[in-house]
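Only the coordinates and a few stated rules stand behind these numbers; no lab work does. This structure is a prediction, so every number in the text was calculated from the model and none was measured. Using ideal geometry, Cβ is built from the backbone for each residue, glycine included, and neighbour counts are taken over all protein chains shown.
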Amino acid sequence: MRSIKTCLKVRFLLLIVVTPYSAFITQGKLFTSNECKVIVAVGDAAAGEYNLLLKVRDPSRPGPQVLCIVPAGYRYSYPLPSWRKTLQQFKVERKFIGVVTLGDALPNIVKAGVALSDAGIAYGDADSPSYWVNPSPNAWDDFDWIRYACQTADSEDDAVTLLTSDAIDELHAPAVSENLFVVGPKKAYVVEADAVRYDVEEIDDVRVMSNYPKELWGYRVLKRLFVANSFDAVKERDVRKGRGVHLGALLGVKVVDVKGDVVTVRSFPFGKTVSIKEGKGAVVDPFWVEILGCNNDKARIKVMYKFNAWEQQMRDRVMERYGKITVQDMMNWSRLHSEDLNGLRGFCERENKAAAVCKIPYNYSGTLSCIWFAPDQCSGIFVPVHICCSKIYDAYTDGSAARSSKDVLHVYGHGGAVSYIEEAERVFLKEINRAENVAQTLLKDDGDVSMFMTDVDMEVQKQAYITQQLLLYANEIRDEKVAKKLQTLWSSNYSTLVLNAKKVLVDIRDGTLRNLIANLVTSVANVRWFELEVLNSGDEIGSLYWEGVALMRERCYEKGCDLLHKFLEESEGPVAKAEVSTFVENGEGYSVYATVFIIIVLVIVIAAVSTKRFK
């Protein structure tokens, strides 16, 4: 009898292990459930007149993560999703910027996990593997699916039609099931889809999602059989020692022991034991278990699918910022680790990952939509690329920035460099917001801002790359004071950076290091000069800029820093004036309107009081 039970248990084990694994194999291809995470914030959820999409990419195609630009008019051939290799000619109607693995950019077929088009539409995805796929050798992966819509769609609705009616109803193209995200200036959608069906839902505030089905859960036979009868299944009940809880499926959670305020549980029918204190929760794979109370040998427990718990926790965290969500919030969330989420999936895991935050403004979205990219968000600095840009700094297209980020990760560990790189990002966000306001001033007069935004973005990208290199140098320098100065160069604004850089240049003699810092100082001055140049406001203080840059080239670093610091300080006025102009013209000059309103009210009150007194 015992041998029969053992045999049945072994067979049950093989069924559970082998069957789910086979779900990821189609026609000899292995499709893994990657660990992509997506947050969307639109409408009233965002802090300003823009929509946001964050995609954290843990790519199925390993390697350095880079950026690429695909120009409108580019033509390429690619097979249709069928058994015969029938090549189809495609033309890129919409320029787009993509986050890709090195080697997946032009002249090769572009395989973007995040994309931003000049229609002002951002695209992202999270795999949700299932059997419902096109089994042919030419079936399209998620990157092909996104590219098909991104290169053509003129609006959010066009994008959804291309992703669903065209790609699924007509072509049954997908080789993998997906959660697809479309975010534009007016609308945002999440599309759950496989090769035969799809569900489209408009997003009107916040959405958090990862690699799992929700609306299509009923068609995921293995998940219904083994995990739960629905994604949002939750059970809360009193359970005695030796008994278990199931969510309407074969797997479950068994209470192994109850001692005081600690309950020991494990997955059923087998799994590692996990001890959880009363009032706490923990992952008991594939479930999330909370201990609500203990009484002798009985415990009140709450059980749900772990990704249901993950989504709830992340949504609660995001909703705390409702109405105030910014690009910086998205950056911060991209750096959450598992320990920040009670053992649930972290946004930041392992290596060869990347993160992108797409900001889609309501106005000028085809020009000023921006993708903030970090080649490794845990150790790399987010850099901006606007959709109107014609070039990207080489380090972010050839893999150098990604390799530098990986080196920083190895030196500082997960989260070890975040406090330093966040200081740089705060300055970058402030400066890019300033540049965008200048660009809007030009756009109101039908000006072309492509060259201006390209120049500004490339300088900021250069600054980020140099900063990552300086963090690595800081680890090698024996003088701890100098090392600390290198790590904390960034603070408040560009002017402060120049002062901090001057102090370091005085303390060091290493030629390579001095050259890096000098290039950083010159770069920040370049950004301000570009702004003054397009505003035709650089005549009075232009000499400070040119003399300062010349001195830095001649290695007269102290005098050069002094002149460039003075230049940055005196340039605040003209640029700030343009910012105020844009602020009011955009209908956002609330303080001005409030002042006028108060004055009018006071006049009315005084007039009323005077009338009463003289009656």
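Quick notes
- Cα gyration tensor category, rounded, prolate or oblate, for region 474-562 with a/c compared to 1.5: prolate
- Whichever lysines have a C-alpha closer than 19 Å to that of residue 559, once near sequence neighbours (fewer than 8 apart) are set aside: 502, 503
- Each Cα pair under 8 Å and six or more residues apart adds its separation to the average, and for region 229-308 the resulting relative contact order is 31 percent.
- Restricted to Cα atoms, region 77-116 shows a radius of gyration and a Dmax of 11.7, 31 angstrom.
- Principal axis analysis of the Cα atoms in region 394-591 yields extents of 53, 36, 35 Å, listed in decreasing size.
- Computed log₁₀ I(q)/I(0) - Debye formula, equal Cα scatterers, no solvent, region 331-475, q 0.15, 0.19 Å⁻¹: -0.75, -1.08
- Karplus-derived 3J(HN,Hα) values for region 122-128, using 6.51 cos²θ - 1.76 cosθ + 1.60 with θ = phi - 60°, are 9, 10, x, 8, 9, 4, 9 Hz; glycine and proline are entered as x.
- Modelled label reach - residue 108, point 7 Å along Cα→Cβ, region 383-414 residues with backbone N closer than 13 Å: 398-399
- Degrees, to the nearest 10: 2-22 long Cα axis against longest axis of the chain: 30
- Cβ-based net charge around residue 172, under 12 Å, with every Lys or Arg adding one and every Asp or Glu removing one: -3
- Shown is the FRET efficiency for residue 422 and residue 264, computed with R0 = 51 Å from the Cβ-Cβ distance and rounded to the nearest 0.05: 0.80.
- Paramagnetic reach from residue 350 (point 7 Å along Cα→Cβ, amide N under 16 Å) across region 196-227: 211
- Stretching residue 154 away from residue 340 to a fully extended chain increases their span by 63.0 nm, per 0.36 nm per residue minus the current alpha-carbon distance.
- The phi torsions of region 102-114, fed into the Karplus equation with coefficients 6.51, -1.76 and 1.60 and a -60° offset, translate into couplings of 3, x, 9, 10, 4, x, 6, 5, 7, 10, 8, x, 9 Hz, rounded to whole numbers, with Gly and Pro shown as x.
- If a spin label sat at a point 7 angstrom from the Cα of residue 411 along the line to its beta carbon, the backbone N atoms of region 487-530 nearer than 11 Å would be those of 487.
- Rounded to 5, the percent of DSSP beta bridges in the chain classed as antiparallel: 95
- Take every pair of alpha-carbon atoms less than 8 Å apart whose residues are at least six positions apart; their mean separation over the length of the chain yields a relative contact order of 11 percent.
- With respect to the chain, whose longest principal axis is taken over its alpha-carbon atoms, helix 542-553 is tilted by about 60°.
- nm² value of the averaged projected area, convex hull over the Cα atoms of region 75-143: 5.4
- Values of log10 I(q)/I(0), in the order q = 0.14, 0.19 Å⁻¹, for region 263-398 under a Debye, Cα-only, solvent-free model: -0.79, -1.11
- Calculated mean residue ellipticity at 222 nm for the chain: -13000 deg cm²/dmol, from DSSP H runs with n ≥ 4 weighted as -39500 (n - 2.57), summed, divided by the residue count and rounded to 500.
- Extent along the principal axes, Cα only, for region 229-308: 33, 22, 17 Å, with the longest axis given first.
- Maximal additional length on extending the residue 446-residue 488 stretch stands at 11.1 nm, based on 0.36 nm per residue less the C-alpha distance.
- Ranking of 373, 181 by count of other Cβ atoms within 10 Å, fewest first: 181, 373
- Given 91/359; 214/254; 223/406; 186/462, the pairs whose alpha carbons are separated by over 29 Å: 223/406; 186/462
- Relative intensity of the chain on a log10 scale, I(q)/I(0) at q = 0.07, 0.08, 0.09 Å⁻¹, equals -0.52, -0.66, -0.81, per a Debye sum over C-alpha point scatterers of equal strength in the absence of solvent.
- Angle in degrees between helix 450-476 and the longest Cα principal axis of the chain, rounded to the nearest 10: 70
- The distance between label points at residue 91 and residue 514 comes to 5.7 nm (points 7 Å beyond Cα on the Cα→Cβ vector).
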